[in-house]
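> Mind having a look at this structure? Questions to follow.
The values are calculated or read from the model by the stated rules, or taken from the named source; none is laboratory data. Here the structure is a predicted model, which is why all the values come from computation and not from measurement. Virtual Cβ from ideal backbone geometry, glycine too; neighbours counted across all protein chains shown.
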Amino acid sequence: MSQAEPQQLYAAREPVFPKKVYGNFRNLKWVIMVVTLGIYYVTPWIRWDRGPSLPDQAVLLDLANRRFYFFWIEIWPHEFYFIAGLLVMAGLGLFLFTSALGRVWCGYTCPQTVWTDLFILVERWIEGDRNARLRLHRQKKWDLRKARLRLGKWATWLLIAMATGGAWVFYFADAPTLFVDLFTLNAHPIAYTTVAILTGTTFFFGGFAREQICIYACPWPRIQAAMTDEDTLTVAYREWRGEPRKHSEAVKAGEPQGDCIDCMACVNVCPMGIDIRNGQQMECITCALCIDACDEVMEKIGKPRGLIDYMAFTDEERERAGKPPKPIWQHVFRPRTILYTSLWSLVGVALVVALFIRSDIDMTVAPVRNPTYVTMSDGSIRNTYEIRLRNKHGEARPFVLSVAGDPALSVEIEGADGQTVMVPADTALPVRAYVVAPGGSVPAQSDRVEFRFWVEDDMSGDRAYKDTVFNGKES
């Protein structure tokens, strides 16, 4: 008995050359591609006036100053919970759409899909549609025409990839300034490195890896099984209507012919190179281009549209029994999707509420532990505190510092005349404060006395506080 060959975990790539297709889903993908790429490339150039001392870029990840600007919203490092909340919303949104409509993210808005669509469009413009590209691929001998077409395609891909990497770095610095610096060779080496890495990955992923990224690199095809159920709408083939096909053995034997004429149109337009008629497959990204191709053929031969369509497994059982499918709303609105929607909405409402109730001033207090306290010449006890005052306004503001709790406590600010500190615009200013308790007072003789630091914006009246402790002689 011959020994069985070991199973291969990776299959060598067979190039896929999708055929041009027309239809509603293809038009929807064009619209989404234009909108998403437009947002990506244009957003860094949108200006937003925040005042003379703040950046005027609408969306900016200012890592140097540890700020995230999004139009009128400014996120500080200690407010990272906003970013965490947005990530939670993104995850719940992905779960919601997958449970309702399958891999619509993969088929329509995933960056890999969007850039691959753009690269295929360039390839089709330069080399022709599917048959022309197949002939060029099978041509083993390189001549002037093949070299011209390939070099032209690769050069265009490279320009798109460079624009992709260039647009990304504009989100982290002032876009007009960085644009000039990049071309005058005055930009930071990190900017050039980032552009080079993103250029290379975009060029390779969109031009040569394509479906391999979805099959081998992306974890989502394997995760989606937990997100879908029998009521999830996904792209499927109505086998009970299409079989037996025109060229099958059953038809040759005289059995009735199904609606599928085995024209391979659904396979020829698939960017993943699969046959949807073989059932649900991990490679399918539910882009629905096979629906457009099949509907076009059905119209030409006088058959009803929908041989390939968005449908659920429960619809398959009903249609096989001669019953109409469920209304779409019953697939979309069911306990699982309602739960995801509720959780998504709760997180979103919580973030909005937190955004509107947050104060424009804030403070952090850190007691100095070495030494814990100091005994002054007059017998009073002094504790030292490192305080960081945050002014989130676009202008400098006078902040007044005070203490509340035990009336014996008083506060002094190092380097300040009185208890008022001028904090620059959009700055976290570190100050050192001394809290003093007279000798013989309760705080001076106690182990630990709780009290509260207050800071007040002298212009607006906004206030913030932090609780801490005063250490006396017995500590």
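> Please go through the stretch 38-55 and give me each residue that is hydrophobic (A, V, I, L, M, F, W, C) and either exposed (fewer than 15 other Cβ atoms within 10 Å of the Cβ) or at pLDDT 95 or above (or both), ordered by number.
From the stretch 38-55, those hydrophobic (A, V, I, L, M, F, W, C) are 39, 42, 45-46, 48, 54; that's our starting set.
Ile39, Val42, Trp45, Ile46, listed by residue number.
> Follow-up. Looking only at the stretch 417-475, filter to residues that are polar (S, T, N, Q) and farther than 25 Å from Gly394 by Cβ; which one of those is modelled with the lowest pLDDT?
Checking each candidate, the answer is Ser475.
> Go through the stretch 260-291 and give me each residue that's assigned to a helix (DSSP H, G or I) and buried (at least 16 other Cβ atoms within 10 Å of the Cβ).
Ala265, Cys266, Val267, Asn268, Ile276, Arg277, Leu289, Cys290, Ile291, listed by residue number.
> Identify the residue in the stretch 417-438 that is surrounded by 14 or more Cβ atoms within 10 Å (Cβ to Cβ) and within 22 Å of Ser377 (Cα to Cα) and, among all such residues, is nearest to the chain's Cα centre (by Cα).
In this case the residue turns out to be Arg432.
> Could we say that Val349 is more than 21 Å from Arg432 (Cα to Cα) and aliphatic (A, V, I, L, M) here?
Working: more than 21 Å from Arg432 (Cα to Cα): yes; aliphatic (A, V, I, L, M): yes.
It is true that Val349 is more than 21 Å from Arg432 (Cα to Cα) and aliphatic (A, V, I, L, M).
> Can you name the number of the only condition in (1) touching a Gly at 6+ places or on another chain (Cβ under 9 Å); (2) surrounded by fewer than 18 Cβ atoms within 10 Å (Cβ to Cβ); (3) under 21 Å from Ile308 (Cα atoms) that Gly200 fails?
Here Gly200 meets the rest and fails (3).
> Counting residues that are under 19 Å from the mean Cα position of the chain (by Cα) and not aromatic (Phe, Trp, Tyr), which helices (runs of 4 or more DSSP H) fully inside the stretch 82-182 reach at least 2?
111-127, 144-169
> If you don't mind, there's one more thing I want to ask. Select, from Thr156, Thr194, the only residue that is hydroxyl-bearing (Ser, Thr, Tyr), touching a Gly at 6+ places or on another chain (Cβ under 9 Å), in contact (Cβ under 8 Å) with a residue 12 or more places away in the chain and not assigned by TED's automatic domain parsing to the domain that holds Gln280.
When all the criteria are applied, what remains is Thr194.
> Hey, among the residues in the stretch 121-176 that are among the hydroxyl-bearing types (Ser, Thr, Tyr) and within 27 Å of Val269 (Cα to Cα), which one's surrounded by the most Cβ atoms within 10 Å (Cβ to Cβ)?
If we take residues in the stretch 121-176 being among the hydroxyl-bearing types (Ser, Thr, Tyr) and within 27 Å of Val269 (Cα to Cα), then Thr164 is surrounded by the most Cβ atoms within 10 Å (Cβ to Cβ).
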